[in-house]
Amino acid sequence: MENVVVKFSEKPELENPIIVEGLPGIGLVGKLAADHLLEELEAKKFAEIYSPHLPPQVVIQDDGTVQLVRMELYYYKRSGRDIIFLAGGFQGITPDSQYQLTEKILEIARDCGVKKIYTLGGLGTGAITKSPRVFGAATSKELVEEHEKYGITFKGGGAIFGASGLLLGLSSMYGMGGVCLMGETHGQIIDAKSAEALLKVLTKILDVTVDMTALESKAKETEEQINRMASMINAHKKAVEQQQDFVEEAPSYYIR
């Protein structure tokens, strides 16, 4: 197999398209948000991307058949600006493969006329929050200023790994610019609540309206999980404090 194989089911005529990436990452935040959006918009698949740089496995479908792992491209047509979605269950498994896959995706995007990219992910903080914020990073100060009005927090420091970062980092070589949107998340759970916060911002940017019911239901499950984690942490903290108080109050004995 070649390093990257693209199988087109059609080559749609798109008007001033943008691309939205939602591959798996921290907390699956970006994937949950992107998958919900493309499903609600009933976006149409037009290409599949195969590569030996993806994990060497197949996925067993509900009907018992198998499917080779892949990335997929979908499109949604609307007046003025169409949307392309990059979806899938996996990313490249080596640094070199990440570059090769990203370059192929950018080539396809360029051929489709894409000028702007949105990548989605999670910002792992290791902390528990019930009201996740959305952070951002962009390829230019102009894009930062353009998107601050949506309540996105832009600040320096840190790094963006995988496709979400490389798509932005390599975009200028293909005549594009872009913004990464990151939902605040603990980092150790599948975080639908953070995905919900991220999607609310993204739909405003894209000027689309979707039914959030299914994602809200998943977000409630996440909130329950977060509450359980918080209770466990508080109980542990209280036990440690009580033990410390006992040690400090206990009398000291000296043996001669």
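Please determine whether any residue of region 95-117 is of a type in the set (A, V, I, L, M), part of a loop (DSSP other than H, G, I, E, B) and over 15 Å from the mean Cα position of the chain (by Cα).
The first filter runs over region 95-117 and keeps only residues of a type in the set (A, V, I, L, M), leaving 101, 105-106, 108-109, 114, 117.
Then keep just the ones that are part of a loop (DSSP other than H, G, I, E, B); that gives 114.
Cutting the leftovers down to over 15 Å from the mean Cα position of the chain (by Cα) gives us 114.
Yes; the residues of region 95-117 include at least one that is of a type in the set (A, V, I, L, M), part of a loop (DSSP other than H, G, I, E, B) and over 15 Å from the mean Cα position of the chain (by Cα).
Name the single residue that is nearest to Leu199 (Cα to Cα) among those in region 140-181 being in a loop (DSSP other than H, G, I, E, B) and more than 17 Å from the chain's Cα centre (by Cα). Write out each step before concluding.
Filtering region 140-181 for residues in a loop (DSSP other than H, G, I, E, B) gives 140, 151-152, 155-162, 175-176.
Filter once more, so that each one left must be more than 17 Å from the chain's Cα centre (by Cα): 140, 151, 155-157, 175-176.
On the way: Ser140: 22, Gly151: 13, Lys155: 20, Gly156: 23, Gly157: 24, Gly175: 26, Met176: 23 Å.
Only one residue tops the list, namely Gly151.
Within region 8-15, can one find any residue that is more than 16 Å from Gly162 (Cβ to Cβ) and small (Gly, Ala, Ser)? Quick ask: steps written out before the conclusion?
To start, the set of residues in region 8-15 that are more than 16 Å from Gly162 (Cβ to Cβ) comprises 8-15.
Filter once more, so that each one left must be small (Gly, Ala, Ser): 9.
The answer is yes, given that some residue of region 8-15 is more than 16 Å from Gly162 (Cβ to Cβ) and small (Gly, Ala, Ser).
Of the residues Glu184, Glu196, only one is farther than 24 Å from Gly113 by Cα, not in a helix (DSSP H, G or I) and not hydrophobic (A, V, I, L, M, F, W, C); which? Don't jump to the end; show me each part of the working.
Details: Glu196 fails: not in a helix (DSSP H, G or I).
Unique residue meeting the criteria: Glu184.
Can you tell me which of (1) outside any strand (DSSP E or B); (2) open to solvent by 10 Å² or more (accessible area, probe 1.4 Å); (3) not acidic (Asp, Glu) is the one Ala137 doesn't meet?
(1)
Leu73: in contact (Cβ under 8 Å) with a residue 24 or more places away in the chain, in a strand (DSSP E or B) and either crowded, with 17+ Cβ neighbours inside 10 Å or of a type in the set (Gly, Ala, Ser) (or both), yes or no?
Judged against the criteria, Leu73 is a match.
Could you run through region 94-107 and say how many residues are buried (at least 20 other Cβ atoms within 10 Å of the Cβ) and either touching a Gly at 6+ places or on another chain (Cβ under 9 Å) or among the β-branched types (Val, Ile, Thr) (or both)?
Let us first name the residues in region 94-107 that are buried (at least 20 other Cβ atoms within 10 Å of the Cβ), namely 101-102, 105-106.
Add one more test, that the residue is either touching a Gly at 6+ places or on another chain (Cβ under 9 Å) or among the β-branched types (Val, Ile, Thr) (or both), and what stays is 101-102, 105.
Qualifying residue count for the region: 3.
Does region 114-128 hold any residues that are of a type outside the set (A, V, I, L, M, F, W, C) and surrounded by 16 or more Cβ atoms within 10 Å (Cβ to Cβ), and which are they? Before you say what the answer is, go through the steps one by one.
Step one: filter region 114-128 for residues of a type outside the set (A, V, I, L, M, F, W, C), giving 115-116, 118-119, 121-122, 124-126.
Once the filter is applied, which keeps residues that are of a type outside the set (A, V, I, L, M, F, W, C) and surrounded by 16 or more Cβ atoms within 10 Å (Cβ to Cβ), region 114-128 yields Lys115, Lys116, Tyr118, Thr119, Gly121, Gly122, Gly124.
Given the conditions (1) surrounded by 11 or more Cβ atoms within 10 Å (Cβ to Cβ); (2) farther than 30 Å from Ile18 by Cβ; (3) at pLDDT below 75, report the number of the one that Arg228 does not fulfil.
Every listed condition holds for Arg228 apart from (1).
Which residue pairs have Cβ atoms under 8 Å apart, sit 6 or more places apart or on different chains, and have a first residue in region 147-172 that is closer than 20 Å to Val201 by Cβ and a second that is open to solvent by 30 Å² or more (accessible area, probe 1.4 Å) and of a type in the set (D, E, K, R)?
From residues that are closer than 20 Å to Val201 by Cβ, the pairs are Tyr150/Lys204; Thr153/Arg133; Phe154/Glu148.
So which residues in region 40-67 are open to solvent by less than 30 Å² (accessible area, probe 1.4 Å) and among the small types (Gly, Ala, Ser)?
Our first condition is that a residue be open to solvent by less than 30 Å² (accessible area, probe 1.4 Å); within region 40-67, this holds for 41, 43, 46-49, 51, 54-55.
Scanning region 40-67 gives Ala43, Ala47, Ser51.
Within region 77-92, identify whether any single residue is among the aromatic types (Phe, Trp, Tyr), surrounded by fewer than 19 Cβ atoms within 10 Å (Cβ to Cβ) and assigned to a helix (DSSP H, G or I), and answer yes or no. Give the steps one after another, and end with the answer.
Pass one, region 77-92, residues among the aromatic types (Phe, Trp, Tyr): 85, 90.
Checking which are surrounded by fewer than 19 Cβ atoms within 10 Å (Cβ to Cβ) leaves us with 90.
Now narrow it down to the ones that are assigned to a helix (DSSP H, G or I): none.
No, region 77-92 contains no residue that is among the aromatic types (Phe, Trp, Tyr), surrounded by fewer than 19 Cβ atoms within 10 Å (Cβ to Cβ) and assigned to a helix (DSSP H, G or I).
The values are calculated or read from the model by the stated rules, or taken from the named source; none is laboratory data. Since we're looking at a predicted model, the values are computed, not measured. Please note: Cβ atoms are built from the backbone with ideal geometry, for glycine as well, and neighbour counts cover all protein chains shown. These accessible areas exclude ligands, DNA and RNA; they are computed on the full protein's heavy atoms, side chains included. Shrake-Rupley method; radii C 1.70, N 1.55, O 1.52, S 1.80 Å.
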